Structure formats: structure tokens, C-alpha cells
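Only one structure is covered here, and it is reproduced in the block below.
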Amino acid sequence: GAGVSQTPSNKVTEKGKYVELRCDPISGHTALYWYRQSLGQGPEFLIYFQGTGAADDSGLPNDRFFAVRPEGSVSTLKIQRTERGDSAVYLCASSHPETGTDTQYFGPGTRLTVL
Amino acid sequence: QKEVEQNSGPLSVPEGAIASLNCTYSDRGSQSFFWYRQYSGKSPELIMFIYSNGDKEDGRFTAQLNKASQYVSLLIRDSQPSDSATYLCAVKGNTDKLIFGTGTRLQVFP
């Protein structure tokens with residue numbers, strides 16, 4: 001079946017602009033996660049949704065970052081007033097309720113470049 | 001001290017050898033431990049998870065966990081050039097987020 005999909009695959013923007021990154025999880029997966037991976041680093045947790053609600057947003061670096069999942073499926077990560085330090089690959093993962101949050105399947109990521 | 005530490009490598013092993021990848025973690029409350037493989041430019045792919053002390057084998061892969069020493073390792077037997085990738089160790093405590101190390105780059109040469 002289809003895996004986690006993310007759009008766009010690449011996004012180039014200018015400093016100060018607003019961007020939206022989209023994640024479509026595997027069908028039936030109730031849990032959805034956003035991570036950010038900088039070059040040479042491991043993924044860094046941002047936020048976790050269980051259904052429509054954010055169960056843990058402790059990883060969001062500041063109030064410029066916001067994420068929604070209004071219908072419990074697709075999620076959008078929103079970044080306001082982008083900064084060069086926001087450049088990274090943004091990864092989305094999802095997990096099935098039966099397997100729990102241990103088996104997280106990652107999407108291909110969105111590479112964000114802030115000029 | 002980082003929460004999850006890995007040697008960045010590269011670890012170079014000849015084809016057919018055993019590759020040994022190591023990871024230490026700082027939170028004694030960690031409950032679940034994971035190894036992900038990440039090819040260059042691709043997303044992480046789950047290889048194995050382990051919860052209990054001891055060894056867990058899956059094909060050519062063996063995960064080893066020692067909670068007393070806060071140490072988890074991954075052994076890859078009969079290493080192949082296709083195993084060349086970055087291997088990420090991840091840990092989960094009593095929350096649902098994964099804490100990743102920086103990864104170890106493995107190179108298997110023919």
C-alpha cells in the first residue's frame with residue numbers, strides 16, 4: 001500500500017517568508033509525527049498528533065512553528081517568518097494504533113532551503 | 001551530554017565481515033530502543049527494535065541491549081556493499097517521541 005507522502009519534496013524560500021509543508025500519513029494510522037533533520041544530525045522531534053489533537057508539541061523550537069491536523073489525517077506544518085536556520089529536511093512519520101507508537105514509518109521528507 | 005550518543009564514523013568493514021554499531025543513552029527511564037537505516041538522501045527506515053536486555057536476532061541483524069550499562073548495539077553479519085548507509089540509534093521513554101543519535105556511517109567495501 002501507499003506509504004507516508006509529503007509535499008513538496010523541495011521548497012526554496014526567502015528569509016521572512018511563510019511556508020506550509022504537508023504530510024499525508026498511511027491510511028488508518030492515527031498517530032502522526034513531525035521531525036526535523038539537519039545535515040549530519042539525526043532527526044529531531046517537533047510535534048506528535050494522536051487523532052486531531054497535538055499530544056506533544058514540546059519539540060517546536062518557537063512560536064513561528066505551528067502544525068495542524070484538522071480531520072485526523074493530513075497534517076500541515078506551518079513556519080512563519082522563516083530564518084536561514086530553519087533550513088533542514090522536515091520528516092513526517094505515522095504509526096498504526098495496533099502496533100502503537102513504536103513502529104513509526106517515515107515519509108520521504110521535504111527539503112526546506114531558506115535563502 | 002547528548003541524550004543518545006553514537007560514533008559518527010565512518011566505520012569501514014570488508015564485504016562478508018561483521019559490522020558492529022554502538023549507541024549509549026543517558027535516560028535510565030528509556031523503555032524502547034530502535035535502529036534505523038538511512039541511505040543518503042532518503043528517509044530513515046526501521047530495521048529493528050528491542051525492549052528487553054539481551055539479544056534479538058532478525059536475519060543478518062542482531063540488536064543487543066544492556067540497560068545497566070545504558071548501551072545498545074547492532075551487529076550486521078555477512079556485511080554487503082548494499083548495507084552501506086547511516087545507522088541511526090533511537091530511544092523512547094515514557095513519551096511517544098523518538099530521540100535519535102547523530103548516526104554512524106557504515107561503509108562496506110568489496
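The values are calculated or read from the model by the stated rules, or taken from the named source; none is laboratory data. Note that this is a predicted model, so its numbers are computed, not measured. Because the Cβ atoms are built from the backbone with ideal geometry, glycine has one as well, and the counts that use them run over all protein chains shown.
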Looking only at segment A:72-115, and only at residues there that are among the small types (Gly, Ala, Ser) and closer than 13 Å to A:PRO43 by Cα, the one that is farthest from the other protein chains (Cβ to nearest Cβ) = A:ALA88
Hey, A:GLY109 within 24 Å of B:LYS2 (Cβ to Cβ), within 13 Å of the chain's Cα centre (by Cα) and surrounded by 22 or more Cβ atoms within 10 Å (Cβ to Cβ) or not = yes
Extreme residue, farthest from the other protein chains (Cβ to nearest Cβ), among residues of segment B:34-70 that are outside any strand (DSSP E or B) and within 19 Å of B:SER8 (Cα to Cα) = B:GLN70
message = Suppose we keep only residues that are of a type in the set (A, V, I, L, M, F, W, C) and assigned to a loop (DSSP other than H, G, I, E, B) within segment A:34-61. Which one would you say is surrounded by the fewest Cβ atoms within 10 Å (Cβ to Cβ)?
response = A:LEU39
task = Out of the residues in segment B:71-95 that are charged (D, E, K, R) and surrounded by fewer than 19 Cβ atoms within 10 Å (Cβ to Cβ), state the one that is farthest from the other protein chains (Cβ to nearest Cβ).
result = B:ASP78
request  = Name the residue, out of B:PHE109, B:PHE100, B:PHE61, that is under 29 Å from A:ASP56 (Cβ atoms) and in contact with a strand residue (DSSP E or B) (Cβ under 9 Å, 6 or more places away or on another chain).
outcome  = B:PHE100
request  = Quickly run through segment B:83-108 and pick out the residues that are free of Cβ contacts under 8 Å to residues at least 12 places away in the same chain and either touching a Ser or Thr at 6+ places or on another chain (Cβ under 6 Å) or not β-branched (Val, Ile, Thr) (or both).
outcome  = B:ASP96, B:LYS97
Boolean, A:ILE26 is out of contact with any Lys or Arg (no Cβ under 7 Å at 6 or more places or on another chain), of a type outside the set (Ser, Thr, Tyr) and in contact (Cβ under 8 Å) with a residue 60 or more places away in the chain = yes
ask   = Can you find a residue in segment A:81-89 that is assigned to a loop (DSSP other than H, G, I, E, B), under 12 Å from A:LEU112 (Cβ atoms) and without any contact (Cβ under 8 Å) to a residue 60 or more places away in the chain?
value = yes
task = From the list A:GLY42, A:GLY16, pick out the single residue that is of a type in the set (Gly, Ala, Ser), at pLDDT 95 or above and closer than 13 Å to A:ASP86 by Cβ.
result = A:GLY16
message = Looking at A:ALA31 and the list (1) over 27 Å from B:GLY103 (Cα atoms); (2) modelled with pLDDT under 95, which single condition is not satisfied?
response = (1)
key: Sole exception among (1) away from chain B (no Cβ under 14 Å); (2) over 19 Å from B:LYS42 (Cα atoms); (3) not small (Gly, Ala, Ser) for A:ASP56, by number   = (1)
request  = Report, by residue number, each residue of segment B:7-26 that is within 13 Å of chain A (Cβ to nearest Cβ) and either β-branched (Val, Ile, Thr) or within 17 Å of B:THR62 (Cα to Cα) (or both).
outcome  = B:CYS23
